[in-house]
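Heads up, the thing below is written out as structure tokens.
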Amino acid sequence: MMDDRVLVSQVLSGDRTAFRQLIKQHERLVAHMVARLIDDKEDREELCQDVFLRVYEKLGEFNFQSKLSTWVATIAYRLGVNHLRKKKIKISDIPEEGSFTAHFISDENPEESLEDKEMNMLVLKLVDQLPTQYKIVLTLYHVDQMNYQEIENVTGMPEGTVKNYLFRARHLLKEKVKKYLGKEEWI
Amino acid sequence: MKTKDEELQNKIVAGGADDSADGLAYKKVFHAITVEPSFNLPFNFADTLIRQIENKEAKSTNYDMRWLAVGIFVLFLGAVIGAILSGFKPNFGAFKFWASYPGLFAFGLVFILFLQWLDKKWVNPRLT
């Protein structure tokens, strides 16, 4: 993989091949984030295009204070959040912990046993039902292997909040999965 | 509860085993959340995007050139109208001496063009 500085300087000098490489290097990251934020499949590709157009326009302002991938992810996150706002989808409020937990893990027809693949699909469906911030933190940490500091840079959330959301999201998912596994621990 | 759960999460992240119901459930969760979302961009996404940028830039260049042409035309028109209204007669006064040194004039012109060429060919690419 080409060094960020070399790649950026080539793109800025008008090298289209370098920009193609930049897109190829980051398209999975952007697709993951957009897929987690946006449900509408048609909107997803359009938003990915907007992200890379913005990257192209603003690349001259990138100052190498972070990794290029973190900067690209920041743009994807901001555009994704703006898109949700335009569609009037509420994202700012994390529901009250008690009521949301009760609702999320409520016991609605949990099947007795699930194969691994089915379990993965089930958990991913559950991830989609989580608040936006939880979803994005989970994806950046577990799928894109970003550390807390990088997630803080991308989302603007303090590191403590990132850790807390990550913990709570996993905890909620675990409680729900436990119901499905039918192995509730009686203490 | 949070502390116990946090410890359990950390243990499983570190690859440790835990046979409790919570441990097994966490194992399933951690396995599933590392799966990439199923959305993929089309294979020609980058090409489509670059074409889009090129079209946008071409349009923008045409637009700029049109405004430049309009600007030059208006400037020329203004100069002509100004000259007519003020009765201005062109006088090359100080520049007439060039007529005695046509070779020097030609050399100066060629030298300036040569410097421009050098700048474009060697200096600018190294700066960018």
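Quick look at the numbers
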{"read-out": "Unique residue being in contact with a helix residue (DSSP H, G or I) (Cβ under 9 Å, 6 or more places away or on another chain) and at pLDDT below 85 when the list is B:23, B:16", "value": "B:16"}
{"read-out": "Boolean, residue B:29 is without any contact (Cβ under 8 Å) to a residue 60 or more places away in the chain, within 7 Å of chain A (Cβ to nearest Cβ), among the hydrophobic types (A, V, I, L, M, F, W, C) and in a loop (DSSP other than H, G, I, E, B)", "value": "no"}
{"read-out": "Considering residues of the range A:57-68 that are assigned to a helix (DSSP H, G or I) and without any contact (Cβ under 8 Å) to a residue 60 or more places away in the chain only, the residue nearest to the other protein chains (Cβ to nearest Cβ)", "value": "A:57"}
{"read-out": "Scope the range B:34-49; condition among the aromatic types (Phe, Trp, Tyr) and either assigned by TED's automatic domain parsing to the domain that holds residue B:13 or in a loop (DSSP other than H, G, I, E, B) (or both); matching residues", "value": "B:39, B:43"}
{"read-out": "Cross-chain or 6+ apart pairs with Cβ under 8 Å, the range B:5-20 first and over 17 Å from residue B:31 (Cβ atoms), then part of a helix (DSSP H, G or I)", "value": "B:5/A:167; B:5/A:171; B:5/A:174; B:5/B:22; B:6/A:167"}
{"read-out": "Candidates B:111, B:105, B:76, filtered to the one that is in contact with a helix residue (DSSP H, G or I) (Cβ under 6 Å, 6 or more places away or on another chain) and away from chain A (no Cβ under 14 Å)", "value": "B:105"}
{"read-out": "Any hit, the range A:52-69, residues being among the acidic types (Asp, Glu) and farther than 29 Å from residue A:126 by Cα", "value": "yes"}
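Each row is one residue, and each column tells you yes or no for (1) surrounded by fewer than 19 Cβ atoms within 10 Å (Cβ to Cβ); (2) within 8 Å of another protein chain (Cβ to nearest Cβ); (3) touching a residue at least 60 places away in the same chain (Cβ under 8 Å).
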| residue | (1), (2), (3) |
| --- | --- |
| A:7 | no, no, yes |
| A:11 | no, no, no |
| A:23 | no, yes, no |
| A:31 | no, yes, no |
| A:43 | yes, no, no |
| A:47 | no, no, no |
| A:55 | no, no, no |
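The values are calculated or read from the model by the stated rules, or taken from the named source; none is laboratory data. Please read these numbers as outputs of a predicted model, since none were measured by experiment. A quick note on method: Cβ atoms are made from the backbone with ideal geometry, for glycine too, and the neighbour counts reach across all protein chains shown.
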